[in-house]
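Some notes on the structure that comes next.
Each reported figure results from applying straightforward, stated rules to the coordinates on display, with no laboratory input. Note that the structure is a prediction, hence the values are computed from the model and not measured. Note that we place each Cβ from the backbone using ideal geometry, even for glycine, and neighbour counts take in every protein chain shown.
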Amino acid sequence: MISNNINLKAILFDMDGVLFNSMPYHAEAWHKTMKKYGFDLSREEAYMHEGRTGSGTINLICQRQYGREATPQEIENIYKDKSTEFNTYPNPLPIEGAWELIQKIKKMGLTIMVVTGSGQLSLIDRLEHHFPGAFRKNLMVTAFDVKFGKPHPEPYLMALEKGGFKKDEVIVVENAPLGVESAKAAGLYTVAVNTGPLANDVLLEAGADTLFSSMQEFCDSWETFKEEQL
Ligand code: CA
């Protein structure tokens, strides 16, 4: 195995689909809300756009379907309705293996950050409930911090800046192709965990350095992974 010469100081976790099993609800809420406004977005396609800002997704579908940008009013209404719809669903539970992995990482004295395109306050607040003491507000990058969102490298570059880390001091954990693209564009070592319905190839083609089929598998392989890859 080739060492990637990483002087590991921090792990940057994406949130939806990595820490919380929230993606099935996001996909459903996107599909349902877009349909209400006359836009076609299947549940599976929602997984392909995972990580984009809400306005980015709405604009892309509007361009494709009507050849124009969405209006600010459309974006506001659709994103508000999508969030309302999402919040009628049961509270997403943590992804199996996530808390166990975080505890291993904490024991090593590493910093843990969350880097998400999400602007869902409900989920961001629930991080503390399910992962007590793991995340600090000043070490989070959310939809409120970034202008471009994933797949742009901005969210991960901002995480480096917020945490005061260099590129070779962190690794990223992502579940979505655009999230992997974002982390790779920022020049970071990226672990993909395939917790959704997409094919592994989609994540590998996005540039993932390593792929696990679940967070539990990543957690169970943590020691070996660290030794062989970093
Ligand atoms: Ca995600």
Comparing His129, His26, His49 in a Gaussian network model of the chain (Cα, 10 Å), the one with the largest mean-square fluctuation is His129
Where is the GNM fluctuation largest for the chain (alpha-carbon springs, 10 angstrom cutoff): Leu101, Leu198, Leu121? Leu121
Which value, to two decimals, describes the C-alpha radius of gyration of region 23-86 once divided by 2.2 N^0.38 Å? 0.97
Between the DSSP loop rule and a limit of at most 10 other Cβ atoms within 10 Å, which trypsin sites (Lys or Arg not before Pro) in region 1-105 are left? Arg68
Computed over the chain: longest principal axis from alpha-carbon atoms vs helix 154-163 long axis, angle to nearest 10 degrees, is 40 degrees
Length gain on complete extension for the stretch Glu128 to Ile6, per 0.36 nm per residue less the alpha carbon to alpha carbon distance? 41.1 nm
Starting from the Cα of Lys80, draw a straight line to each of the lysines and keep only those under 19 Å, dropping any in the same chain fewer than 8 residues away. Lys32, Lys35, Lys36, Lys147
Only four residue types carry charge here, +1 at the Cβ of Lys and Arg and -1 at the Cβ of Asp and Glu. Report the dipole size of the chain about the Cα centre in Debye, rounded to the nearest 20. 620 debye
Once both axes come from the Cα atoms, what is the angle between helix 98-107 and the longest principal axis of the chain, in degrees from 0 to 90, rounded to 10? 40 degrees
Taking Cα atoms, the helix 54-66 axis meets the longest principal axis of the chain at an angle in degrees (rounded to 10) of 50 degrees
Tell me what the chain gives for mean residue ellipticity at 222 nm when only DSSP H runs of n ≥ 4 count, each as -39,500 (n - 2.57), the sum divided by the residue total, rounded to 500 deg cm²/dmol. -13500 deg cm²/dmol
With the dipole of the chain worked out from charges on the C-beta (+1 for Lys and Arg, -1 for Asp and Glu) around the Cα centre, which of Ala46, Trp222, Asn91 lies farthest toward the positive end? Asn91
Using DSSP to call loops (not H, G, I, E or B), can you name the chymotrypsin sites (Phe, Trp or Tyr not before Pro) in region 130-230 whose Cβ has at most 13 other Cβ atoms within 10 angstrom? Phe144
Taking the chain as a Gaussian network, where each spring joins two C-alpha atoms under 10 Å apart, which residue of Gly67, Gly17, Gly119 fluctuates the most? Gly67
Of all beta bridges DSSP finds with both residues in the chain, what is the antiparallel percent, to the nearest 5? 5 percent
